[in-house]
Amino acid sequence: MNASAWNMLLEGAWTTVWISAVSIAIGVVAGLVIALIRLARIPIIDQLLVLYVSVARATPLVTLALFIFLSAPDLGLDLNRSVAGILALTLNTTAFNAEIWRSAFRNFSREQSEAAMATGMTPWVTFRRIMLPQMVITSLPGLVNEMSFLIKGSPAIAVIGIVDLTRVTNRISAVTYEPLPPILVAGALYMAIIGCLVWLQRLAERRANRLAM
Amino acid sequence: MSNWEILWDERAQFWSGFLSTLEIFGLSIVGAFVIGCGLLYLLEGSRKRLTMPLRIFIDGMRMLPFLILAYLLYYGLPSVGIRLDAWGAGVGALAVYHGCYFAEIFRGNRLTFPPGQIEAAQAHGFTKGKLFFRLLLPQIIMQTRPLLGNQLIYALKDTAFLVIITVGELTAAANSLSSTYFIPTEAFIVVIGFYWAISVTMEIIIKQCGRFSAKRGFDNV
């Protein structure tokens, strides 16, 4: 492998990282919103969300990415590849994150909410000041786990032509006829990305422990 | 003719894709299960030298995307002289990859076992193999079944990656139909329905296993 191959690999890694990061950022927030809506138990919307979570958890990312990318023109949407890829990853991860947030809500101690109510906090203030900080800490391991699953699933977007870290290995081996080195390097880069994520989680947990919660 | 009628006429293609996905999934999870149990047995063994490399192997697998492993087997192995077809490489990659996840799930559960139980079995003269197959494995499998069920759904979803290395399964069927007739929306809705049906069936089976294990008293250890 020469310098341009390394360059391509790093560019592929960057594509994987930014697309995953955008999907993670949207997915975590959207998961929280869905969990909140499901808490409200609005009749029809609740059933729809249950259906969405169930279907999204069962749909393979490759299938979802192809579905979104190929049928978007049919539905009158003009999506470019990156947007379609981000949409697929986000739809998938949101369903998992919603479940993680919901279980954090369910396990939240009642005494604390009652105490907050007794001291005259509005529901919003209770949520913002009391529940959310603690829920972030309790659901962090689950969320990070889901993030690493998303990064491991991100090669699925290669199927709609995004040149991510996995796809780039094909391009390099098409030139060099040596597929093994770029695949091994790509594997090492994925390990590094996921290793970083786990390390960040450990850092965050240490900070959270210092807050003594 | 409406789009749905076209799809109905092409139902044979969906069906063969569905069967092929089921075949790949079935074979690879059986393989993964055997590999997971084998790794657990090796980790359980007294040889400490083996534990470290095995754990590194398992953790390494868990940090790798599945597609990279499939690429490694399909595109990478021919450079060292081993040639697998797409199907074999796909099933092999699924089995090894998810075998490592199974091993990790088993290992995590094994750590929570009370040591007294094992000591009691040893005192009663259980050999190592019997201790493993009669005592450890059934309990571990029954106690980890929700996690195993999750992992099975991940394995099912990973079979779709094999379309990238040209295995003809369910997603490939939808892809070829949608490009033949230009009806992607309907074709993929049908395929997503298939995947959903498989995973809902699996969830029901896992729940039934829960009843069985409650009856046999696996849960109140």
At most 10 other Cβ within 10 Å, DSSP loop - trypsin sites (Lys or Arg not before Pro), the stretch A:36-80: A:Arg41
Cleavage-rule hits, trypsin sites (Lys or Arg not before Pro), the stretch B:31-97, DSSP coil, Cβ neighbours within 10 Å at most 15: B:Arg47, B:Arg83
Among A:Arg202, A:Arg128, A:Arg167, residue whose mean-square fluctuation peaks in a GNM of chain A (springs only between Cα atoms under 10 Å): A:Arg128
Relative contact order computed over chain B (Cα-Cα under 8 Å; 6+ residues apart), in percent: 29 percent
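I need the helices of chain B that pass two filters: whole DSSP H segments spanning 27 Å or more by Cα along the axis, and mean Kyte-Doolittle score no lower than 1.0.
Working: long enough: B:11-44 (48 Å, 1.28); B:86-110 (35 Å, 0.36); B:184-215 (47 Å, 0.86).
Taking the DSSP H segments of chain B (at least 27 Å long, mean hydropathy at least 1.0), we get B:11-44.
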Sites B:Ser179 and A:Arg110 - FRET efficiency at Förster radius 45 Å, r taken between beta-carbons, to 0.05: 0.25
Anisotropy class of the stretch A:18-166 from Cα gyration tensor, a/c 1.5 cut: prolate
Longest segment of chain A lacking chymotrypsin sites (Phe, Trp or Tyr not before Pro) that sit in a DSSP loop with at most 16 other Cβ atoms within 10 Å: A:1-107
R0 of 60 Å, Cβ-Cβ distance B:Ala214-A:Tyr177: FRET efficiency to nearest 0.05: 0.55
Net charge contributed by nearby residues that have their C-beta within less than 13 Å of B:Arg11 (K/R +1, D/E -1): -4
Folded to 0 to 90 degrees: helix A:132-153 orientation relative to chain A principal axis, Cα: 20 degrees
For B:Glu44, A:Glu205, B:Glu104, B:Glu119, order by how many other beta-carbon atoms lie within 10 Å, fewest first: B:Glu119, A:Glu205, B:Glu44, B:Glu104
Summed residue charge, Cβ within 14 Å of A:Leu49's Cβ, Lys/Arg positive, Asp/Glu negative: +2
Sequence-separation-based contact order of chain A, relative, with Cα cut under 8 Å and 6+ spacing, percent: 33 percent
Modelled label reach - B:Gln117, point 7 Å along Cα→Cβ, the stretch B:38-55 residues with backbone N closer than 16 Å: B:41, B:44
27 Å Cα cut-off, lysine pairs counted over the stretch B:3-215 (separation 8 or more, or different chains): 5
Least to most buried among A:Leu79, A:Leu89, A:Leu203 (fewest other Cβ within 10 Å first): A:Leu203, A:Leu79, A:Leu89
Anisotropy class of the stretch A:84-213 from Cα gyration tensor, a/c 1.5 cut: prolate
Tilt relative to chain A, helix A:81-106 - C-alpha long axis, 0 to 90 degrees, to 10: 30 degrees
Shape category assigned to the protein assembly as shown from the gyration tensor of Cα positions, a/c cut at 1.5: rounded
Calculated FRET efficiency for the pair A:Gln47/B:Asn3, C-beta based, R₀ 30 Å, to 0.05: 0.65
For chain A, calculated [θ]222 nm from helices alone, where every DSSP H run of n ≥ 4 adds -39500 (n - 2.57): -27000 deg cm²/dmol
Net charge over other residues, Cβ less than 10 angstrom from the Cβ of B:Trp87 (K, R count +1; D, E count -1): -3
MRE, 222 nm, helices only [DSSP H, n ≥ 4, -39500 (n - 2.57), over chain B, to nearest 500]: -24500 deg cm²/dmol
Order of A:Asp46, A:Asp78 - criterion: other Cβ atoms within 10 Å of each residue's Cβ, fewest first: A:Asp78, A:Asp46
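Bear in mind that the values in this text are calculations on the coordinates, not laboratory data. All values reported here derive from a predicted model rather than from experimental measurement. Neighbour counts run over all protein chains shown; Cβ positions are idealised from the backbone, glycine included.
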